[in-house]
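Input: one structure, supplied below.
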Amino acid sequence: MSSKVTKLPLTPLSLLRQIRDVMAQDASAQVRLDRVVKIIAEGFASEVCSVYLLRAGDIMELFASEGLKKTSVHLTRLNIGQGLVGAVAAAAEPLNLANAQEHPNFEYRPETGEEIYHSFVAVPVFQGGKVIGVLVVQGKEVREYTQDQVEVLQTVAMVLSELAISGDLVNLKEIQSTAGGVLVQQLSGTQLCGGIAKAVAVLHKPQLVISNYVATDIIFEKEKFDDAIKELRESFDNYLQAANLSGDDAKREIIETYLLFTQDRGWITRVNEAISSGLTAEAAVKKVQEELQAKMSQLSSPYIKERIHDLEDLSNHLLGIILGKPLQPDYSDLPKEFILVARNIGPAELLSYDHSCIKGLIAEEGSASSHTAVIARAMDIPTLAKVQNATAVIQDGDVLILDADGGNIYIRPSEDIESAMDKHIALYTKREAEYEVLRSLPAISKDGVRISLNVNAGLFVNTASVLQEGVDGIGLYRTELPYMTSSDFPDAEMQSQLYAGMYNQLPDKRIIFRSFDIGGDKKVPYLNAGDEENPAMGWRATRIGLDMPGILRTQLKALITASAGKPLYVMFPFIAQVSEFDAAKSLLMKELSNFEMAGKKLPTSVKVGVMIEVPSILWQLDSLMPRLDFVSIGSNDLMQFLFACDRGAAHMAGSYDTLSPVMLNVVRQVVAKAKEYNVEVSFCGEMARKPLDALALIGVGVRNISVSAAAIGPLKAMIRSVDISELSSYLDYITTIPDTSSRGWLANYVRDHGIII
């Protein structure tokens, strides 16, 4: 194979300027596209340049070519994944081959006459993170194109994307999701925040139009980008200092996370490289956003996918600054009350709307772990995500009833539906008022038993919810945030600042820090864990920390630094053997010893615990309990491992009940063993946020519960209406009955004893 390399006879910038001039001509889109492929072929000193565009049915159709037979244009079609072009579209990545015909994906299409060509380079054309076309260059010589040439082609593809979606080449309805018309009255989705709301629809439209793609002054464009980054950081700083943000710590911490994004060197470097290739600052930001979105969307981890939306949100704000567009929506045109409908929406975009006006949120994308979901819960906005075709079916001004509790949306509801849902809304409003009255009251049962209520921090903490009466602190602070928002392992200084911030906001409340639970199904891009058939049971959490002790020791150093002069609680997750806990604890003790020898200020006390979530540890409790200070039962993993039932498998949903006698007896066993060794035990899984399930946990001996902030009110109402001594006797009986679930028995008990559920 020849190693000969052909250099571009034109500079990348001059090539882009020629293309820009063609794009500005008064000619049809097809004529301009034909002229562009000719310019590219000449600029690359290659015989062929072709453009394929996406058509309905995930088909790539040849739309223009210089070098292939003209009769093949609009005739040659390839499915996504078919042939080399289809492979590029499927992978959303460039393909550079010295001899295309040797590649296993090569598919001979006789109508094109391409059998005489060997060299092949193709790049995807993106729009909205989706591949909508493929740009191809081919030549007769057996040679690879240089990396510089590939990058130039990627830049050209960015410019061509606007022509591709103009609607003059392909009817946009072909490649957009469509569904129904005015007769569609109901959609469904996944609850992110409960509640019921009725209001008119407002469609979120964050798209910013870029009119200038080709730079005339590279230095000026880089300065423009640098200035925009500075202004973006200043705008976030100003937002943090706004008076209406006081006490709203979920919002504050998410904005602080965005400040971390704006300092990511890898992202900033990629944008500057795109500007150097000849793009304007705004086009470069969009190019990097599109490429990252397409690449990350192919990862299976939902946590990584949520970071896509954060990056998109950040990029949109940055584009708004560069283009001189206001970051705030124009409130003058918005209704006083509305339900926001979006394909996806970032937390900063959501925060830019007037909180008092938003009565609900509907999104086609998103998950419970997203930053947007955290903000929605902090705002107490009824929210549904994964609502297919929401933006296609719902129109601005449509009357909507959003039943997030039931997972349904009623669009332009009939009178009978509206009347029935109005009654539900009135009942919901009444119950929320009752919960608010309980806010200042302690969580004490009718027979005087106090239940310790704590808040799960998720990714962020709403400090107001932790400071209320009857809430003892943070029962589970997940420390994954710095790992999920960094392009590499976060250093000790960054982490210690975050942890110290929590101590400062909650000086008199206990905070239990769980060491990082990354890996498995929470993959981070810089941790090369490889593919795992069962990631939930794979290389994750403490297993990673013990195999790579440097990163666990870095986190432990950060925790010790942040807790100087304060009590430190550390909990290790996913412990399957006592020896794993011993090894993790020894790392902590070693770091404490190093701090002491260096004369650094230490925590006032150190308490160490584990999460009970791997069934194997249940048979090691007598060895484990004397070694630790507290345990916390995590029902999410424990439940799926007990029953070998993947909690993420839709077809298995409901197969096994959390209120099965098996699960309740396991909890009772842990509680009894912890009491025997004078070890504190708490429960922090999703099971505890449902009042009926929490009632069962209390009945088998749990006295410390940690849940999301939104669940505190309903749980407190339940606790204050129950006699726990009577309940415990009843649970002793029903957990001996060999039923698949105790739910029906417990529901009858609730009804008969007037317990508030």
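The values are calculated or read from the model by the stated rules, or taken from the named source; none is laboratory data. These figures come from a predicted structure and were not determined experimentally. FYI the Cβ positions are ideal-geometry reconstructions off the backbone, even for glycines, and counts take in every protein chain you see.
Could you look through region 646-657, keep only residues that are over 16 Å from VAL614 (Cα atoms) and surrounded by 14 or more Cβ atoms within 10 Å (Cβ to Cβ), and pick out the one that is modelled with the lowest pLDDT?
MET652
Does any residue in region 202-220 that is farther than 13 Å from ALA283 by Cα come within less than 6 Å, Cβ to Cβ, of a residue that is of a type in the set (Ser, Thr, Tyr) and at pLDDT below 80 six or more places away or on a different chain, and which pairs are these?
Matching pairs, first to second residue: none at all.
Being modelled with pLDDT under 95 and surrounded by fewer than 18 Cβ atoms within 10 Å (Cβ to Cβ) is the requirement here; does LEU8 meet it?
Yes: the conditions hold for LEU8.
I'd like to check something: does region 273-283 contain any residue that is surrounded by 19 or more Cβ atoms within 10 Å (Cβ to Cβ), of a type outside the set (Val, Ile, Thr) and modelled with pLDDT under 65?
No: region 273-283 contains no residue that is surrounded by 19 or more Cβ atoms within 10 Å (Cβ to Cβ), of a type outside the set (Val, Ile, Thr) and modelled with pLDDT under 65.
Kindly establish whether SER682 is at pLDDT 90 or above and either touching a strand residue (DSSP E or B) at 6+ places or on another chain (Cβ under 9 Å) or not in a loop (DSSP other than H, G, I, E, B) (or both).
yes
Additional query: Any chance you could count how many residues in region 705-745 are outside any loop (DSSP other than H, G, I, E, B), over 18 Å from VAL449 (Cβ atoms) and either without any contact (Cβ under 8 Å) to a residue 24 or more places away in the chain or more than 34 Å from the chain's Cα centre (by Cα) (or both)?
So the count comes out to 5.
Oh, and also: If I go through region 419-459 residue by residue, how many of them are within 16 Å of VAL702 (Cα to Cα) and assigned to a loop (DSSP other than H, G, I, E, B)?
So the count comes out to 6.
Could you list, in sequence order, the residues of region 537-553 that are surrounded by fewer than 20 Cβ atoms within 10 Å (Cβ to Cβ) and either outside the structural domain of GLU480 (by TED's automatic domain parsing) or of a type outside the set (A, V, I, L, M, F, W, C) (or both)?
Selection gives GLY538, ARG543, ASP547, PRO549, GLY550, ARG553.
If ALA27 meets every condition in (1) at pLDDT 85 or above; (2) within 19 Å of PHE120 (Cβ to Cβ); (3) not in a helix (DSSP H, G or I) apart from one, which number is that one?
With (1) at pLDDT 85 or above; (2) within 19 Å of PHE120 (Cβ to Cβ); (3) not in a helix (DSSP H, G or I) applied to ALA27, the lone miss is (2).
Regarding GLY699, is this residue small (Gly, Ala, Ser), buried (at least 19 other Cβ atoms within 10 Å of the Cβ) and touching a strand residue (DSSP E or B) at 6+ places or on another chain (Cβ under 9 Å)?
Against the criterion (small (Gly, Ala, Ser), buried (at least 19 other Cβ atoms within 10 Å of the Cβ) and touching a strand residue (DSSP E or B) at 6+ places or on another chain (Cβ under 9 Å)), GLY699 does not qualify.
Of all residues in region 386-401, count the ones that are farther than 17 Å from ASN344 by Cβ and either under 23 Å from the mean Cα position of the chain (by Cα) or acidic (Asp, Glu) (or both).
Within region 386-401, residues that are farther than 17 Å from ASN344 by Cβ and either under 23 Å from the mean Cα position of the chain (by Cα) or acidic (Asp, Glu) (or both) number 2.
Got a number for residues in region 36-59 being surrounded by fewer than 20 Cβ atoms within 10 Å (Cβ to Cβ), touching a strand residue (DSSP E or B) at 6+ places or on another chain (Cβ under 7 Å) and either closer than 15 Å to LYS69 by Cβ or of a type outside the set (Asp, Glu) (or both)?
4
I would also like to ask the following. Restricting to region 64-111, name every residue that is farther than 24 Å from ALA45 by Cα and either among the hydrophobic types (A, V, I, L, M, F, W, C) or in contact with a Phe, Trp or Tyr (Cβ under 6 Å, 6 or more places away or on another chain) (or both).
Across region 64-111, the qualifying residues are LEU75, LEU78, ILE80, ALA87, ALA89, ALA90, ALA91, ALA92.
To continue, here is another question. If the requirement is being under 24 Å from ASP148 (Cα atoms), touching a His at 6+ places or on another chain (Cβ under 6 Å), crowded, with 20+ Cβ neighbours inside 10 Å and in the same structural domain as GLU141 (by TED's automatic domain parsing), which of these qualifies: LEU97, LEU84, LEU33?
Among LEU97, LEU84, LEU33, only LEU97 is under 24 Å from ASP148 (Cα atoms), touching a His at 6+ places or on another chain (Cβ under 6 Å), crowded, with 20+ Cβ neighbours inside 10 Å and in the same structural domain as GLU141 (by TED's automatic domain parsing).
Could you grab the pairs with beta carbons closer than 6 Å, sequence gap of 6+ or different chains, first residue in region 597-609 and closer than 15 Å to PHE581 by Cα, second one outside any strand (DSSP E or B)?
Every condition considered, the pairs that remain are LYS607/ASP629; VAL608/LYS585; VAL608/LEU628; VAL608/ASP629; GLY609/LEU628; GLY609/ASP629.
If only one of VAL137, VAL125, VAL156 is aliphatic (A, V, I, L, M), in a strand (DSSP E or B) and more than 30 Å from the chain's Cα centre (by Cα), which one is it?
Only one candidate passes the filter, namely VAL137.
For region 108-122, what are the residues that are of a type in the set (Asp, Glu) and either buried (at least 24 other Cβ atoms within 10 Å of the Cβ) or part of a strand (DSSP E or B) (or both)?
GLU114
Yes/no per residue for (1) of a type outside the set (A, V, I, L, M); (2) part of a strand (DSSP E or B); (3) under 12 Å from PRO124 (Cβ atoms); (4) not assigned by TED's automatic domain parsing to the domain that holds GLU290:
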{"residue": "ALA64", "(1), (2), (3), (4)": "no, yes, no, yes"}
{"residue": "THR71", "(1), (2), (3), (4)": "yes, no, no, yes"}
{"residue": "ALA89", "(1), (2), (3), (4)": "no, no, yes, yes"}
{"residue": "PHE106", "(1), (2), (3), (4)": "yes, no, no, yes"}
